[in-house]
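Beneath this line is the structure, given in structure tokens, with notes to follow.
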Ligand SMILES: [Zn+2]
């Protein structure tokens, strides 16, 4: 219970930093300077204006200086990130796998919100998520070595090869799919950002689970895609949700899969 609470607080803090990334990166601003300030009146925030979730509630969603409303996106991002880290702690316990996987899903969340607001995804965050997913077996090897829980070296080596292989397969599949769809409907359907996320999904989930995640994403996207008609529907949030569901319930999905092919 303490571990899950700890994970929740870590997640809330990381969510608070994600808000900085979400607001500043699409505008091309520095993420470290200047310190947090109100976008309306530019007054610098005091530390007690900056406590994840709590400050937003205490300030009743308004700037402490000029009383202009603060977007609900901020507390929502913090809460979702907190929940991601808490749920992952239940599944994985605390450790390197929990933390790095939490970071990957935090980045996918940030990419989702940015895609939703700007219809564009910054490569910097996207490639960071991919790098973490690809190198996770290497990070785990370091962690297990440091904590004295080292498995056989071939375990980490095989996992590393698998993450690169499945990442490459998913990227290639999305690239080809995007090419075919573009020829068919004469419109860009899958962007470069989607291809990078597909690679992250392959590396993190492995095959065939990554395909199940795409399937879930497509099903979730059907209704909004029809509702929006010719408007663009950002696909990244659905890919992120599909990845999350597949990651949490992967064991169940794989059991069904093996029953089908038994
Ligand atoms: Zn203000």
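Condition test on residue 43, is it under 16 Å from the mean Cα position of the chain (by Cα) and within 16 Å of the ligand (Cβ to nearest atom)? Can you show your working first?
Values: under 16 Å from the mean Cα position of the chain (by Cα): no; within 16 Å of the ligand (Cβ to nearest atom): yes.
Answer is no for this residue.
With 129, 133, 173 as the choices, which residue is over 17 Å from the mean Cα position of the chain (by Cα), surrounded by 13 or more Cβ atoms within 10 Å (Cβ to Cβ) and under 22 Å from residue 240 (Cβ atoms)?
Values: 129 fails: over 17 Å from the mean Cα position of the chain (by Cα); 133 fails: over 17 Å from the mean Cα position of the chain (by Cα).
When all the criteria are applied, what remains is 173.
Of the numbered conditions (1) within 23 Å of residue 26 (Cα to Cα); (2) in contact (Cβ under 8 Å) with a residue 12 or more places away in the chain; (3) more than 16 Å from the ligand (Cβ to nearest atom); (4) in a helix (DSSP H, G or I), residue 83 satisfies every one except a single condition; which is it?
For residue 83, the exception is condition (1).
Name the single residue, out of those in region 55-79 being under 17 Å from the mean Cα position of the chain (by Cα) and surrounded by fewer than 20 Cβ atoms within 10 Å (Cβ to Cβ), that is farthest from the ligand (Cβ to nearest atom).
Looking at residues that are under 17 Å from the mean Cα position of the chain (by Cα) and surrounded by fewer than 20 Cβ atoms within 10 Å (Cβ to Cβ), I get 79.
Restricting to region 26-54, and then to whatever is part of a loop (DSSP other than H, G, I, E, B) and in contact (Cβ under 8 Å) with a residue 40 or more places away in the chain, can you tell me which residue is surrounded by the fewest Cβ atoms within 10 Å (Cβ to Cβ)?
By that ranking, first place goes to 53.
Which members of region 179-205 meet the condition of being in contact with a helix residue (DSSP H, G or I) (Cβ under 7 Å, 6 or more places away or on another chain), at pLDDT below 95 and either more than 17 Å from residue 123 (Cα to Cα) or assigned to a loop (DSSP other than H, G, I, E, B) (or both)?
Matches in region 179-205: 188, 189, 190.
Condition check ((1) surrounded by 11 or more Cβ atoms within 10 Å (Cβ to Cβ); (2) more than 22 Å from residue 122 (Cα to Cα); (3) not assigned by TED's automatic domain parsing to the domain that holds residue 167) across all residues:
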| site | (1), (2), (3) |
| --- | --- |
| 221 | yes, no, no |
| 227 | no, yes, no |
| 235 | yes, no, no |
| 240 | yes, no, no |
| 244 | yes, no, no |
| 247 | yes, yes, no |
| 251 | no, yes, no |
| 257 | yes, yes, no |
| 261 | no, yes, no |
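The values are calculated or read from the model by the stated rules, or taken from the named source; none is laboratory data. These numbers come from a predicted model, not from an experiment. We place every Cβ from the backbone using ideal geometry, glycine too, and count neighbours over all the protein chains shown.
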